[in-house]
Amino acid sequence: MSVSSDMILPDAKARPGGEAEAPESHQHLLIVDDSQEAGETLRRMLEISLGIPADLATNGNRALEMLAKRPYSVVLTDLRMPGLGGMELLQQIQAKNLPVTVVVMTGYGSINDAVEAMKYGAYDFLTKPIDPETVSLLVQRALRERTLQDELIALRTQLREQSSFQNILSKNPRMLEIFDQISCIADTNTTVLIGGETGTGKELVARAIHQASSARRNGPLVIVNCAALPESLMESELFGHEKGSFTGAAAQRKGRIEMADGGTLFLDEVGDIPPVMQVKLLRVLQERQFERVGGNESRSVNVRVIGATHRDLPAMVKEGKFREDLYYRLNVFKIDLPPLRERPEDIRLLATHFAEKYARTGQPPCQFTPEAMELVLGHAWPGNVRELENAMERAVVTAKNGVIAPSNLPSDLSKPAPKKSMFSIDITRPLPAQLSEVVANFEKRYITRALKRTRGHVGRCARISGLSRRSITSKIAQYKIDTSAFKKD
């Protein structure tokens, strides 16, 4: 295979001596061909024409070993080789989810195999004998797209790291405050009460508190859904029982409280605990002691209690449905989770995360069409994060060719929510939610004007507004305010 000097691509920068400078130093090619001579010729040609280092593997197994040792941008592999062939190599790359672009090479008689390989994830195929100009242009195009994919993966990772706390994703300022609160209380034994609408992630917050605790993270996290336990079984489930204490008690049994010793007890939906059980739970919170059903021995536990509810406990106290003393024992430290409609900046982040979570094995995450994302962003999500996750799982399962279209979303997302004026009133929605929207609108206008006045200077804007620099920075990100528009030379 001959190579001429005019094969150097136009945008490759010349080095002294006539070689091309690599456009990206981290890019690396891997040639896989059982013919040592043909593979070496192709390797040298690509190094000269593209200025990118290339390695040669003479079989599929050797290629897998090399892929495990260092990252490659593009793999060019022959399809028909002894042992592990190109098709099997491609399938192994897909199964291991390796971030590399694969181009297959084949003779004219096996083009159908090459087309089949593309169905398994190959980027493109080349027919033998290989034309130098064609392969150079194809590899250059593959490298460009690989670079874009790598940058997207890196950005997603960075975004997840910056917006993640103990598996909770959020860019919302209120949620960032909650992350700080969790960090502050994690290593204490303070009882925590988590409030919020159904689906806002109360259990995730409880898990975050447990995992952030250096003293308790290695202990058990015992979760009790109080709403799901029948009243007749709740006492035995929580406190355990002695053998023969009631009909059917054939053996001694530990309760959930005892199981949580040394760790955390999470009581979900504490508002559904019946009054009789509230009295017994109060003692656990006050003294960390209890007795099993049918037993007389007082047992002590070292347990941290976290409660959660979507109910209005103060109102239940006034109505006599919930003990006031128990409420105050639970409400030592309160965390109120905002609903998703008050976290609009999180909707795109979470939708993308769930699309990745439910991606098919070996396949890249589904992408959203602009129309589909508009519907996702425009929906009120009354079921909060849980509803969004269920919708994204459905969308991924029904998506075709890795693209989520409006038809893949639930039918109640078929029409975007109507846009409301700043002070529009909707009596079908709770007042706090509408007030928060008005406040957010006013905040954005205020900070925009303050930044304009200070020519985009965050520190001076903070002094004018009476807020901290961190708050101003968070709100600039939240409202997507372009500070460069206010800066002057």
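The values are calculated or read from the model by the stated rules, or taken from the named source; none is laboratory data. Keep in mind it's a predicted model, so treat the numbers as computed, not measured. All Cβ positions, glycine included, derive from the backbone under ideal geometry; neighbour counts span all protein chains shown.
What to note about this one:
- Looking only at segment 202-225, and only at residues there that are without any contact (Cβ under 8 Å) to a residue 40 or more places away in the chain and hydrophobic (A, V, I, L, M, F, W, C), the one that is farthest from N384 (Cα to Cα): A215
- Just one of the listed residues (S214, S232) is modelled with pLDDT of 90 or more and polar (S, T, N, Q), and it is S214.
- For segment 239-260, the tally of residues that are part of a strand (DSSP E or B) and touching a His at 6+ places or on another chain (Cβ under 7 Å) stands at 1.
- Segment 208-233, residues that are crowded, with 19+ Cβ neighbours inside 10 Å and either part of a helix (DSSP H, G or I) or among the hydroxyl-bearing types (S, T, Y) (or both): A208, I209, H210, S213, C226
Okay, residues lined up against (1) in a loop (DSSP other than H, G, I, E, B); (2) outside the structural domain of P365 (by TED's automatic domain parsing); (3) closer than 26 Å to T361 by Cβ:
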residue	(1), (2), (3)
I31	no, yes, no
E47	no, yes, no
D55	no, yes, no
A63	no, yes, yes
L90	no, yes, yes
Q94	no, yes, yes
V103	no, yes, yes
G121	yes, yes, yes
V135	no, yes, no
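- Residue in segment 238-261 that is of a type in the set (A, V, I, L, M), touching a strand residue (DSSP E or B) at 6+ places or on another chain (Cβ under 6 Å) and touching a residue at least 60 places away in the same chain (Cβ under 8 Å) present: no
- Those residues of segment 53-84 which are small (G, A, S), surrounded by fewer than 20 Cβ atoms within 10 Å (Cβ to Cβ) and over 31 Å from the mean Cα position of the chain (by Cα), in sequence order: G83
- Taken over segment 312-331, the criterion of being crowded, with 16+ Cβ neighbours inside 10 Å and of a type outside the set (S, T, Y) is satisfied by L313, M316, V317, F322, R323, L326, R329, L330.
- Out of D150, D78, D113, one residue alone is within 16 Å of H26 (Cα to Cα) and not assigned by TED's automatic domain parsing to the domain that holds T352. It is D150.
- Residue count, segment 261-302 (criterion: in a loop (DSSP other than H, G, I, E, B), farther than 16 Å from I209 by Cβ and in contact with a Leu (Cβ under 9 Å, 6 or more places away or on another chain)): 2
- Condition met for A186 (surrounded by fewer than 16 Cβ atoms within 10 Å (Cβ to Cβ) and touching a helix residue (DSSP H, G or I) at 6+ places or on another chain (Cβ under 6 Å)): no
- When residues of segment 162-201 are limited to those that are over 22 Å from Y479 (Cβ atoms) and among the small types (G, A, S), the one nearest to the chain's Cα centre (by Cα): G201
- Residues in segment 387-444 that are loosely packed, with under 14 Cβ neighbours inside 10 Å, modelled with pLDDT under 80 and among the polar types (S, T, N, Q): S414, S421, S424, T428.
- Test result for E374, loosely packed, with under 15 Cβ neighbours inside 10 Å, part of a helix (DSSP H, G or I) and either at pLDDT below 95 or at positive phi (or both): yes
- Flag for S236 being buried (at least 18 other Cβ atoms within 10 Å of the Cβ), assigned to a helix (DSSP H, G or I) and polar (S, T, N, Q): yes
- Against the numbered list (1) part of a helix (DSSP H, G or I); (2) in contact (Cβ under 8 Å) with a residue 40 or more places away in the chain; (3) within 30 Å of A399 (Cα to Cα), W381 comes up short only at (1).
- Screening segment 445-470 for residues that are of a type in the set (S, T, N, Q) and crowded, with 16+ Cβ neighbours inside 10 Å and picking the one that is farthest from D312 (Cα to Cα) gives T454.
- Test: residue in segment 232-255 that is under 19 Å from Y328 (Cα atoms) and either outside the structural domain of N331 (by TED's automatic domain parsing) or not aromatic (F, W, Y) (or both): no
- In segment 171-179, the count of residues that are at pLDDT 85 or above and under 30 Å from E47 (Cβ atoms) is zero.
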